[in-house]
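J.: Input: one structure, supplied below.
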Amino acid sequence: MNQKAAAQAAAREKGSFLTDIEELRRRARQHIMEGAVTADYKGDRKTVLRVLNEALATELVCVLRYKRHHYMAKGIHSQAVAAEFLEHAAEEQGHADQIAERIVQLDGAPNFSPEGMLTRSHSEYLEGETLLEMIREDLIAERIAVESYSEIIRYLGDNDPTSRRMMEEILAKEEEHAEDMKTLLETIGKEEKQRER
Ligand SMILES: [Fe+2]
Ligand SMILES: [Fe+2]
């Protein structure tokens, strides 16, 4: 049992649960300017914000890479693959928005600065020459995201369940993305081998 739950249980025993609610309300009013961050927030806010800003940079780099791949694939008449890249770009943008939103909820500032973005990002920006190279780079980037987000989720644990749930949702999507890229790699790889024969 954590401290607050223990205090509530003790208060309930004494028949003074109401005062506890009063106390909650008083604290909520007193710290109203802190937004979603209440006294109950157990996370190390500074670290959580840094980690979330790294995830934000990861997503933004993924948006750029998928966009580049979308336009390049279109240029080499691979419409289906180009469409898949575009879809992923849009989903990574959605993730970036979710993360930025959460950073603001935690009274932080989302870092959208292009300067240092690649250093903050866990995944890389690699262009790739051929369609196969592009897909391979995307698969690698997705696998990096899956690993680093799993680590972030473990770190958040019970300290920030809201951020953790968001990251779990995003992680599930990255796993789908990785699977999509793996399937594409296999089909395009086969097609190219057949053409070589
Ligand atoms: Fe993403
Ligand atoms: Fe992804």
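J.: Give the peptides 144-155, 59-70, 103-114, 81-92 in descending order of average Cβ contacts within 10 Å, highest first. Please report the intermediate quantities before stating the final value.
T.: Numbers: 144-155: 17.3, 59-70: 22.2, 103-114: 14.7, 81-92: 19.9.
Averaged packing, sorted descending, gives the order 59-70, 81-92, 144-155, 103-114.
J.: At 0.36 nm per residue, minus the direct Cα-Cα distance, what do Tyr125 and Lys193 gain on full extension? Give it in nm, one decimal, please. Mind dumping the intermediate values first?
T.: Values: separation 68, 0.36 × 68 = 24.48 nm, distance 2.70 nm.
Taking 0.36 nm per residue and subtracting the Cα distance, the gain is 21.8 nm.
J.: For the modelled label position 7 Å from the Cα of Ser113 along Cα-to-Cβ, which residues of the stretch 42-60 have backbone nitrogen atoms closer than 15 Å?
T.: Only 50, 53-54, 57 fall inside the zone, counting backbone N under 15 Å.
J.: Modelling each spin label as a point 7 Å along the Cα-to-Cβ direction, I'd like the Glu176/Val37 distance in nm, to one decimal.
T.: Calculated label separation equals 3.2 nm.
Every read-out reported here was derived from the displayed coordinates using simple, explicitly stated rules and does not represent laboratory data. Values in this document were obtained by computation on a predicted structure and should not be read as measured data. Reconstructed Cβ throughout: ideal geometry from the backbone, glycine too, with neighbour counts over all protein chains shown.
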